[in-house]
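In what follows, a single structure is set out as C-alpha cells and then discussed.
Here, each number is a calculation from the coordinates, and none is a lab measurement. All figures in this text were calculated on a predicted structure; none of them were measured in a lab. Note that we place each Cβ from the backbone using ideal geometry, even for glycine, and neighbour counts take in every protein chain shown.
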Amino acid sequence: MIAVTCRNGEHFSVDPDHIERIERTGDTLVVLTDGTHYVLETGFDELLRSISRHRAGTLAARARLVNGFAATPTATQLARRHGSRSASSD
C-alpha cells in the first residue's frame, strides 16, 4: 500500500496493483481498476517513485522467502532436505 493525499486533503492508502492508469493533466489523476478515480495532491513523479519503492520492497521481501516461508536457517535446511532450491541459489 502507498499513502496518497487527495486535493481535498483526504489521506488514504492505495494498493498500486489496483491502479489502472495515472494521468497528468495539470493535476495527477489516478484511475483504479474498479473505475474509481482520485485527483491527487501528490505529484505525478512522486507517485511513480512511491509505486517503484513499493514494488522494489515487495520483490526484495519475496527474494528472502524459501518455498513461501521466511528464509530462516531451519526453513532453508528443510527446503534443501526435501530437494527444493531457493531462488537465491540459482
In the stretch 31-59, anything within 12 Å of Met1 (Cα to Cα) and either among the aromatic types (Phe, Trp, Tyr) or loosely packed, with under 11 Cβ neighbours inside 10 Å (or both) is listed as Gly57
Residues of the stretch 7-42 being more than 19 Å from Arg53 (Cα to Cα), β-branched (Val, Ile, Thr) and in a strand (DSSP E or B), which ones? Thr25, Val31, Val39
Please go through the stretch 18-30 and pick out each residue that is exposed (fewer than 11 other Cβ atoms within 10 Å of the Cβ) and of a type in the set (D, E, K, R). Arg21
What are the pairs with Cβ atoms under 7 angstrom where one residue, in the stretch 1-16, is under 13 Å from Glu46 (Cα atoms) and the other, located anywhere, is assigned to a loop (DSSP other than H, G, I, E, B) and not polar (S, T, N, Q)? Sequence gap at least six, or different chains. Thr5/Glu41
